[in-house]
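Student: Before anything else, here's the structure in question.
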Amino acid sequence: MQANHALNYDYSVAKCFTYATILFGIIGMLIGVVIAYQMAFPELNYLAGEYGTFGRLRPLHTSGVIFGFLLSGIFATWYYIGQRVLKVSMAESPFLMVLGKLHFWLYMLVMIIAVVNLFLGIGTSKEYAELEWPLDIAVVVVWVMWGISIFGLIGIRREKTLYISMWYFIATFLGVAMLYLFNNMAVPTYFVAGMGKWYHSVSMYAGTNDAMVQWWYGHNAVAFVFTVPIIAMIYYFLPKESGQPVFSYKLSLLSFWGLMFVYLWAGGHHLLYSTVPDWVQTMGSIFSVILILPSWGSAINMLLTMKGQWGQLKENPLIKFMIFASTFYMLSTLEGPIQAIKSVNALAHFTDWIPGHVHDGTLGWVGFMTMAALYHMAPRMYKRELYSKKLMESQFWIQTTGIVMYFSSMWIAGITQGMMWRATDQYGNLAYSFIDTVTVLIPYYALRATGGLLYLIGFFMFAYNLYKTMTVSKAIEREPQNASPMAA
Amino acid sequence: MFHWLEKNPFFFAVGVFLVIAYAGVVTILPDFMESARPVTGTKPYTVLELAGRHVYIKDSCNACHSQLVRPFKSETDRYGMYSLSGEYAYDRPFLWGSKRTGPDLMRVGNYRTTDWHEYHMLAPQSVVPGSIMPAYKHMFKNNADIETAYAEALTVKNVFNVPYDQPDMPKLGTYDEAKKALMEEAALIVADMKDSEVKEAFKRGEIKEIVAIIAYLNSLK
């Protein structure tokens, strides 16, 4: 097995996706900050005519960060981790090299068309599945290319046993494929009627069924984009960066198969007290609570990996990012099940507590882990040390402040809103008109937007730090074993 | 077994797929047919209403407004009768939304009128002081896409047997017939509106987006 050391991994595709992660991160988060401020200051809706209204920008924000920022991040880490855990270089297969580059460029093309489409308001209205059928087909092609890349690399691997990260990448591929295909089933109207817009389609499912399929998708898109691949990342990068072995193989096994089985049931918690069958709602609620087990299993496995090595948190900001990420994963996966309990959901559903919950997961867990991953990869891909540790430290604290401002303001806003909607006076009449429950939230909206702005500022610091690392940082001769080298 | 799976990617992938596909089959399929059945009195949308529904989707009204009244007194007091599954039988896609930045619209047709919507879309704060909803002035400029709406109606009629052209149901007919009926329907709405440009455009045979979306909102009952 000495061949490992002679292997020259090829990072050209990983680098491309790293740039895409930064680009879409800036676009997606910037739009997020704009729409957050729009809720506090509605005049901001008129900056770009009909293309700048909240309605048009909101799908751009969600799709931008999920399918732009995060998916790029997932692909970037895949093209980095895959070769390393399978002990094979992409350069050994000209086919996989060409495929990887095609994968990147087709992905970029689809993303750019998707952005234009969403600005124009062309979409199906389904959350995180807004794209119309021609783009859906293109997305499927991109996805299949990624699948070929995964299984192609597995096919020529030297290391026969699949490392934990590989399980999660495979699950990401399969899960998203299944969900995306079924949720986007639609009939193109032009081909039936011969008139109207050629790209328009109508959903295969109606009403309650459509809602069930959509939230089976919507919730598990969260699972298989926001959770599963991020766990793939942390299982690779935390042990690598810290030099510590994963705490428990059995725990990783339990968490993986548990997560796979339980997650898909939980979609029903988006539909509590709706018109879907009662037993589906109850199942959604129960499985959401059970979901704590596999989620915390992974998180605890990561925390215990640092057992006896907590000093590293002080010395190495990357460890700090990752431990913070898995702590936020625990917070988020405790908060989610609480919101999925029926009586809590009656209060929380439709309120700002929900976006609050989403964002402690995405900003704290997903965002931090993705950035830490790219930080870890940069010295190895560009053969230079990280540009500035100090900048990284400030980034960490600015973004952490941002996250805390974000979720605490949304907690208060959401619970206030929910309580006011149901408040009655002494005669049993509703105590507040709807608009009362809106105006009271404006200070919290302003606070939340500012929290988001801090996070965005931190992201710019991240982008700048990486850019400097790529261009001017001190070159390193040998690849670092563990802790990433960084200049003060 | 797990060690063996981890060395056999094909079977590993098959195993993962079976484990994740299971829940969807068990939760979605059993009540599929029943959930698609309309309650008595539910009718498919007219072509004009469908065109309005497309405007609703185009501007993501569903990002801030739900269309789902939950069975709580606080909701039925505020919005009316709680939602029934069969009321959504012709909703493709469903538009329940997931956030109520603004109020629920499931039954907005019961308590808002054409002229209210017209003022509201031009300047929300003029009718709801303190509102944070943006104005949608471009709906007064853009034409509604009638052909696509008709194409969708014809598609659901042919593919999903939505009961257009049945007794007591909206008539669809040929495109020309549908267009004629649509102009009559739109005329009633335009008559209640103040905007002179919308009225002028209607005389030229153009239907602005605002007319279609008001028709749709009025139909929500």
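Student: For B:ASN142, put the label point 7 Å out on the Cα→Cβ axis and report which residues of the range A:189-226 keep their amide N under 16 Å from it.
Tutor: A:197-201
Student: Still on this structure, please answer the following. For Cα pairs less than 8 Å apart in space and 6+ apart in sequence, what is the mean separation divided by the residue count of the range B:1-137, i.e. the relative contact order in percent? Present the calculation step by step, with values, prior to reporting the outcome.
Tutor: Values: 124 pairs, mean separation 28.1, N = 137.
Relative CO of the range B:1-137 lands at 21 percent.
Student: Turning to a different aspect of this structure: Quick one: Cα centre-to-centre distance for the range A:403-449 and the range A:262-301, in angstrom?
Tutor: One Cα centre to the other: 26 Å.
Student: Also: Quick one: helix B:47-58 against the long Cα principal axis of chain B, what's the angle to the nearest 10°, folded into 0 to 90?
Tutor: 60
Student: Right, next: Taking Cα pairs under 8 Å and at least six residues apart, what relative contact order does the range A:70-157 come out at, in percent?
Tutor: Details: 46 pairs, mean separation 35.4, N = 88.
Dividing the mean separation by the residue count of the range A:70-157 yields 40 percent.
Student: Also, I was wondering about something else. Within 10 Å, at most 14 other Cβ atoms, and a DSSP state outside H, G, I, E, B define an exposed site. Report the longest part of chain A free of exposed trypsin sites (Lys or Arg not before Pro).
Tutor: Details: sites that count: A:ARG158, A:LYS160, A:LYS307, A:LYS383, A:LYS474, A:ARG478.
With a cap of 14 other Cβ atoms within 10 Å, the longest stretch comes to A:1-157.
Student: I need the shape label for the range A:228-488. Rule: rounded when a/c is under 1.5, else prolate if a/b > b/c, else oblate, with a, b, c from the alpha carbon gyration tensor. Let's see the in-between values first.
Tutor: Values: a/c = 3.18, a/b = 1.62, b/c = 1.97.
Because a/c hits 1.5 or more and a/b fails to exceed b/c, the range A:228-488 counts as oblate.
Student: How many nm separate the modelled label positions at A:LEU254 and B:THR42, each set 7 Å beyond the Cα in the direction of the Cβ?
Tutor: 4.5
Student: Right, next: What helices does chain A have that are whole DSSP H segments, at least 30 Å long along their own axis by Cα, and with mean Kyte-Doolittle hydropathy of 0.0 or more?
Tutor: Details: long enough: A:12-40 (43 Å, 1.67); A:94-120 (39 Å, 1.98); A:133-155 (32 Å, 1.88); A:317-340 (34 Å, 0.91); A:389-422 (50 Å, 0.20); A:442-471 (43 Å, 0.74).
Taking the DSSP H segments of chain A (at least 30 Å long, mean hydropathy at least 0.0), we get A:12-40, A:94-120, A:133-155, A:317-340, A:389-422, A:442-471.
Student: List every residue whose amide H lies under 5 Å from the amide H of A:THR424, counting only residues 5 or more places away in sequence or on a different chain, with H placed 1.01 Å from N in the peptide plane.
Tutor: For A:THR424, the qualifying residues are A:ALA431.
Student: So, one more: Cut-off under 16 Å on the C-alpha distance; same-chain residues fewer than 8 positions from B:LYS157 excluded. Which lysines are left, in chain and number order?
Tutor: Qualifying lysines at Cα under 16 Å: B:LYS43, B:LYS171.
Student: Can you pull the mean other chain C-beta count within 10 Å for peptide B:55-67? Mind dumping the intermediate values first?
Tutor: Details: counts 1, 2, 8, 8, 6, 14, 2, 5, 11, 4, 1, 3, 0.
Across B:55-67, the average partner-chain Cβ count within 10 Å equals 5.
Student: Still on this structure, please answer the following. Regarding the protein assembly as shown, what is the average projected area of its C-alpha convex hull, in nm²? The partial results should precede the final answer.
Tutor: Working: hull surface 123.3 nm².
If I average the Cα hull's projected area over directions, I get 30.8 nm².
Student: Taking a virtual spin label 7 Å from the Cα of B:PHE2 along the C-beta vector, which residues in the range A:290-319 bring their backbone nitrogen under 13 Å of it?
Tutor: Output list for this probe position: A:294, A:297-298, A:301.
Student: Find, among the chymotrypsin sites (Phe, Trp or Tyr not before Pro) in the range A:399-471, those assigned to loop by DSSP (not H, G, I, E, B) with at most 11 other beta-carbon atoms within 10 angstrom.
Tutor: Values: sites: A:TYR406, A:PHE407, A:TRP411, A:TRP421, A:TYR427, A:TYR432, A:PHE434, A:TYR444, A:TYR445, A:TYR455, A:PHE459, A:PHE460, A:PHE462, A:TYR464, A:TYR467; in loops: A:TYR427, A:TYR432.
Within the range A:399-471, the qualifying chymotrypsin sites (Phe, Trp or Tyr not before Pro) (loop, at most 11 other Cβ atoms within 10 Å) are A:TYR427.
Student: Right, here's the next one. Per q in 0.11 1/Å, what log10 I(q)/I(0) does a Debye calculation on the alpha-carbon atoms of the range A:46-144 return?
Tutor: Treating every Cα as an identical point scatterer, log10 I(q)/I(0) equals -0.41.
Student: Under 16 Å Cα-Cα from A:LYS87, which lysines qualify once same-chain neighbours fewer than 8 residues away are excluded?
Tutor: A:LYS160, A:LYS240, B:LYS7
Student: With r defined as the distance between the Cβ atoms of A:LEU120 and B:GLU197 and R0 fixed at 30 Å, what FRET efficiency is calculated, to the nearest 0.05? Mind dumping the intermediate values first?
Tutor: Values: r = 22 Å, r/R0 = 0.75.
Once rounded, the FRET efficiency stands at 0.85.
Student: Any chance you could tell me what percent of the C-alpha pair distances in the range B:47-219 go past 26 Å? Don't skip to the answer; put the middle values down first.
Tutor: Working: 4605 of 14878 pairs.
Everything past 26 Å amounts to 31 percent.
Student: Report, in deg cm²/dmol and to the nearest 500, the calculated mean residue ellipticity at 222 nm for chain A, where each DSSP H run with n ≥ 4 adds -39500 (n - 2.57) and the sum is divided by the residue count.
Tutor: Working: 21 runs with 333 residues, N = 488.
Here the helix-only value at 222 nm equals -22500 deg cm²/dmol.
Student: Given Cα pairs under 8 Å that are at least 6 residues apart, what percent is the relative contact order of chain A?
Tutor: Numbers: 712 pairs, mean separation 74.3, N = 488.
Across chain A, relative contact order equals 15 percent.
Bear in mind that the values in this text are calculations on the coordinates, not laboratory data. None of these values were measured; they are calculated from a predicted model. Virtual Cβ from ideal backbone geometry, glycine too; neighbours counted across all protein chains shown.
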